[in-house]
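Everything on this sheet refers to the single structure shown next.
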């Protein structure tokens, strides 16, 4: 079983209560499964919901936040282990090194950028870790459609859509990630046609 999972999500909660509820369900399930949460270190938005739910249920929470965001995102002072780093690049590299897998919840530019970087690293063979997208109430439907359009226009082979899993519920997502086997891709698959 995966021991630690990095979750990318919004520093805002969005306008649908289902997003926060999904974050609570995910954190509760992590605690049940004794999985540590690696996340961006904030105390607000979906990040705050995740961390608070983990802590309320006795879970391990490792936050990673750059110094310049520690005040803006209201660094969560109560987490198990808070790591303050020098840059966004260091934040992502640190989270990636600590995690056995990655999950994206609803979020904004930062969430999308973090998710796509982990997919790109997998595409290039930098890691082979499971990547999951929790598609709460279809939040990521248009994103997935956009990626399919990029593939249909020959910017990457369709097999690379298998680098990640997309599921609508916490239970189905975690099960798919437990069973995940990264597809076999040719070296530098992003540059080669299949």
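The values are calculated or read from the model by the stated rules, or taken from the named source; none is laboratory data. Since the structure is predicted, the reported quantities are computational estimates derived from the model, not experimental observations. Glycine gets a Cβ as well: all are built from the backbone with ideal geometry, and neighbour counts include every protein chain shown.
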Scan of the stretch 51-81 for residues that are surrounded by fewer than 18 Cβ atoms within 10 Å (Cβ to Cβ), modelled with pLDDT of 95 or more and touching a strand residue (DSSP E or B) at 6+ places or on another chain (Cβ under 8 Å), ordered by number: 81
Candidate set: the stretch 1-44, residues that are farther than 21 Å from residue 75 by Cα and at pLDDT below 95; chosen: the one surrounded by the most Cβ atoms within 10 Å (Cβ to Cβ): 2
Breaking point among (1) crowded, with 19+ Cβ neighbours inside 10 Å; (2) closer than 18 Å to residue 172 by Cβ, for residue 138: (1)
Only one of 133, 144, 126 that is surrounded by 15 or more Cβ atoms within 10 Å (Cβ to Cβ) and under 22 Å from residue 2 (Cβ atoms): 133
Tally of residues being at pLDDT below 95 and assigned to a helix (DSSP H, G or I) across the stretch 123-144: 1
In the stretch 145-161, residue farthest from residue 180 (Cα to Cα) [restricted to those that are touching a residue at least 12 places away in the same chain (Cβ under 8 Å) and assigned to a loop (DSSP other than H, G, I, E, B)]: 154
